[in-house]
Each structure stands twice: as C-alpha cells, then as structure tokens.
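The values are calculated or read from the model by the stated rules, or taken from the named source; none is laboratory data. Keep in mind it's a predicted model, so treat the numbers as computed, not measured. Cβ coordinates were reconstructed from backbone atoms using ideal geometry, including for glycine residues, and neighbour counts include every protein chain displayed. Ligands, DNA and RNA are excluded from the accessible area calculation, which covers all protein heavy atoms including side chains. Shrake-Rupley method; radii C 1.70, N 1.55, O 1.52, S 1.80 Å.
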Amino acid sequence: MNHALDPLASDVLADPYPFLARIREETPVVYSEAIDMWIVTRHADVEEVFLDPKRFSAAIAQAPLMPLCDEAMAILKADFGIQPVMSNFDPPGHSRIRRPLARAFSTRRMRMLEPVIERRCAEILDGFAADGSADLARELCYPLPALTIFTMIGFPDEDADRIKAWCADKLVVNWGRPSAEQQINAARTMVAFWKYCLSFVERRRREPGDDLTTDLMQDADIPEPLTDREIASIVFGLSFAGHETTTNQLANCIRAVVENDLWTRLRYDRSLIAAVTEESLRQVSSVIAWRRITTQATTIGGTPVPEGAKLLLSLGSANRDPALFADPDRFDPQRDNARAHLSFGKGIHLCLGAHLARMEISIVLNQMLDRFDVLRLDGDGYTFPPNVAFRGPETLTASWDLA
Ligand code: HEM
C-alpha cells in the first residue's frame, strides 16, 4: 500500500494541506493505491471534471469508499430501498428531480426558515452563555444545522436525536475505512433511517404540512410526479447533506475567526461577515473532497486516466491552488476572488443548500458577536473524524467574556 498517498493516514487527517500541496506540485493527478482512486488536485482540473457530466459521472458520489463485507451488503440488499436522486445521479434522471427540488428551496421557504434559525440559535446560546465556556462544536455547531434541516424537511423535533445518530453512521461507511463491525451496525441504522424516511413520506401524503416534503408532493409544474420512494430518497440524502456540512463549516469558520484575530474587528464591522464566511469556505472548507467516475478513457490536466477510474476531487487542494489564489494558505477576508472556491461544487450538481449554509453561518456569527466581547479557544489540539470528505473539529472548546 502506498502510504504516502493515503488521505486516511493519521497525519493527513490531522492536517491535509501540506500533503495536498505536495501532490498538487509534483503529480497533480495521481493514482492512490490506498483508496483505489485518482486524486485530482488542481483547481482548473477539478472544475473541468465538475463541468463535464458526460465524461465524469456522479454515480459514485455516495458509494461506500471501501468494499463492504458480505454481512453488511446482505443487510442493505434486503431492506435498503434508496435510489439515486441527486448528488449521485446523472442526467437526464437528475435534471427531472433537481428542477422540483430547486423550486422547493424557494425564497419563500428560506424566508420562513430565517426567523426559526434565529430563534433556535438564540435559545442555544442563551442556554450556556452565562457558563463562560462550552464545547461549541457539540453544543452549538452540531444541533443548530440539524434542527434547521429537519424543520425544512418537516421531521418532528422530538426525533432529532435519533436522526442525528443515524446520519453519523453514514459518514464512516461512505467516506471512511470502517471495521466489519462498524459496517454491519451502520448498515442496520441506515436501513432503520430509510424505513423512517419512507413512513414519514407516506404520512405526509395523508397529512400534508408546510414543509419541503409536502412542496415536492404538491409541485404543480412537474410533468411526472415524484414517487414516494424518490421523495424518501431525497429526504434521506438531505438529512445528511444539510447538517454534517454546515456543522463542520460553522466550527471551521469560528476557529478561523479567532485564530486570525478577527473577533474584535467583526464585532465593530458586521459587514465583514459575508467575506469572512466566504474565505472560510475557501480556506477551511467542511467538504474537502467529492467523487466522480470516468465514463470513458480520457485525460485530466494532461494525465491519461482509464475508463471507470474513480476520482477523488480534492476541493481542499483546489481551494488553495496558487494558480488562482495568491498566498493561498493565508486566511484573507479581503481577497477579491474567494468565491471562486469549489466547496459547493460547480455545474449541474452545484449545492442547493449554499444559500441556507451562508445564512446559518451569518446568523451564528452575528449572535455570538452580540453576546461575546472576547472569544478564546481553549483546546490543546483538534481531532477530525476519519474520512476523506467531511472535515471539522470534533470538539471546539471555547471561553468568553460576556459583552
Ligand atoms: C457549508 C455547507 C455545505 C457545503 C460545503 C456543501 C457542499 C456540497 C457539495 C460539494 C456538493 C456536490 C456538488 C457537485 O457535485 O457539484 C453539494 C451538493 C448538494 N448539497 Fe450541499 N453543502 C453544504 C450545505 C448544504 C445544505 C445546508 C444543504 C441542504 C439544506 C445541502 C444540499 C445539497 C444538495 C441537495 C446537493 C445535491 C445537488 C445536486 O446533486 O444537484 N448542502 N453540497
């Protein structure tokens, strides 16, 4: 095994950026035996792949990174009825589903969610502000995006903890190197969550609500209505996409603000929040890799790759490519092209939740800045979940002086 090219090696998990910079400089498109994938590191190459769904299929975007053991496979085969609908679906099927889903992410729905997020964020912060310290990852960054996406879908609040536990299992199976025992446990919880999604959709057919799931059922502009299985597959995917990503981005962004001494500046100039958010998406993205598979033998940035080659598109590397970003390792909210980052992907699969994620980050920063005069990070080092795609600190211990 080529350890030097293993994105799951412990030193790479702790800090992937030197590893990525070295690949980008030496062999920008390179095969990794450790994960049986081609790692693509330059911004221009990653962008080219995203923009060409004919040559580069999204089919493996949600597949287990490593082959599953027989027992886990058997559990999934028997009862896991999910079908490709969004991030792992190619045209024309993808376009049929993306159109109504994009409509369901309407301005009206976002406007309805904004006060809900503000209220919940205030409740969470007021719940621990007087303590003077907390693990912000666990107490703030984790619950808020989960409650937000569950409200958007229409899941009852009381099921939130159960749903969050189910989503955690998907992370290790689809993007990590789980043991056989972890695979079997995760397969069981994925089946349990799938059944939950399906029965939730069936209930919404009988009892419509004011939520995205009901919008998908009632969309009058869709030529061929979505089936329950399709809607349940969307709901299943959104539950994960909507919170794991934003949880980590919140933590990465708060950390970047403090480590770059921007707290006081932001307190007195809130207009900087948008630029800080964007620079955090570029410099410390919560999604550092995404996947595609070639549909034909082709070249990427001059490197030949065979048909059926699995690609690990390194967003973390593309976002720090010096060909596009000057002094790329520096956190610089003033840079004028931070928005050229690829953290939300690009092209036909461009993240539908980007606006919502930016809104959540802005609300959280604003409310923290209102309450905390000074914010300090107290942890002695950070740990990250062992997977190739989703990156954020597992704990973010902080203390503060109240404003
Ligand atoms: C900082 C937070 C987020 C990041 C970094 C992120 C990142 C991504 C990435 C990399 C993709 C794949 C794009 C591609 O293949 O070209 C994606 C797709 C997607 N994201 Fe996000 N995401 C975030 C938040 C959210 C939220 C909050 C939601 C939902 C409420 C969401 C829903 C989706 C959906 C539905 C897709 C699939 C779109 C498609 O296949 O057409 N994301 N996201």
Q: Given the conditions (1) under 28 Å from Y382 (Cβ atoms); (2) in contact with a helix residue (DSSP H, G or I) (Cβ under 6 Å, 6 or more places away or on another chain); (3) within 14 Å of the ligand (Cβ to nearest atom), report the number of the one that G154 does not fulfil.
A: (1)
Q) From the set of residues in segment 324-346 that are more than 16 Å from the ligand (Cβ to nearest atom) and basic (K, R), which is surrounded by the fewest Cβ atoms within 10 Å (Cβ to Cβ)? A) R330
Q. Has segment 123-137 got any residue that is buried (at least 19 other Cβ atoms within 10 Å of the Cβ) and within 17 Å of the chain's Cα centre (by Cα)?
A. yes
Q) Any residue in segment 353-368 that is more than 13 Å from the ligand (Cβ to nearest atom) and farther than 20 Å from E279 by Cα? A) no
Q: Could you please give the count of residues in segment 347-356 that are under 25 Å from R42 (Cβ atoms) and surrounded by 21 or more Cβ atoms within 10 Å (Cβ to Cβ)?
A: 1
Q: Answer yes or no as to whether V305 is more than 11 Å from the ligand (Cβ to nearest atom), more than 28 Å from P385 (Cα to Cα) and either open to solvent by less than 10 Å² (accessible area, probe 1.4 Å) or in contact with a Cys (Cβ under 6 Å, 6 or more places away or on another chain) (or both).
A: yes
Q: Kindly provide the set of residues from segment 29-51 that are outside any helix (DSSP H, G or I) and open to solvent by less than 20 Å² (accessible area, probe 1.4 Å), ordered by number.
A: V29, S32, A34, I35, M37, I39, V40, T41
Q: Please indicate, with yes or no, whether at least one residue in segment 39-49 is out of contact with any Lys or Arg (no Cβ under 7 Å at 6 or more places or on another chain) and without any contact (Cβ under 8 Å) to a residue 24 or more places away in the chain.
A: no
Q) Is there a residue being open to solvent by less than 50 Å² (accessible area, probe 1.4 Å), away from the ligand (no atom under 12 Å from the Cβ) and either in contact (Cβ under 8 Å) with a residue 24 or more places away in the chain or of a type in the set (S, T, N, Q) (or both) anywhere in segment 87-98? A) no
Q. Strands (runs of 3 or more DSSP E) wholly in segment 309-403 with at least 1 residues that are farther than 23 Å from I39 by Cα and at pLDDT 95 or above - which ones?
A. 372-377, 397-402
Q. Can you name the residue in segment 104-115 that is within 13 Å of the ligand (Cβ to nearest atom) and of a type outside the set (S, T, N, Q) and is also surrounded by the fewest Cβ atoms within 10 Å (Cβ to Cβ) among such residues?
A. M110
**Q.** Any hit, segment 372-385, residues being open to solvent by 20 Å² or more (accessible area, probe 1.4 Å) and in contact with a Cys (Cβ under 7 Å, 6 or more places away or on another chain)
**A.** no
Q: Would you confirm whether any residue within segment 273-282 is touching a Pro at 6+ places or on another chain (Cβ under 6 Å), open to solvent by 30 Å² or more (accessible area, probe 1.4 Å) and without any contact (Cβ under 8 Å) to a residue 60 or more places away in the chain?
A: no
Q.
I'm checking my understanding of the structure. Among residues of segment 285-302 that are under 16 Å from the mean Cα position of the chain (by Cα) and part of a loop (DSSP other than H, G, I, E, B), which one is farthest from the ligand (Cβ to nearest atom)?
A. I288
Q: Within segment 259-272, count every residue that is open to solvent by 50 Å² or more (accessible area, probe 1.4 Å) and not polar (S, T, N, Q).
A: 6
Q: Having 1 or more residues that are open to solvent by less than 50 Å² (accessible area, probe 1.4 Å), touching a residue at least 40 places away in the same chain (Cβ under 8 Å) and within 14 Å of the ligand (Cβ to nearest atom) is the bar; report the helices (runs of 4 or more DSSP H) wholly within segment 172-258 that clear it.
A: 212-218, 228-241
Q: Please find, within segment 150-166, the residue that is nearest to A104 (Cα to Cα) out of those that are surrounded by fewer than 18 Cβ atoms within 10 Å (Cβ to Cβ) and more than 18 Å from the chain's Cα centre (by Cα).
A: P156
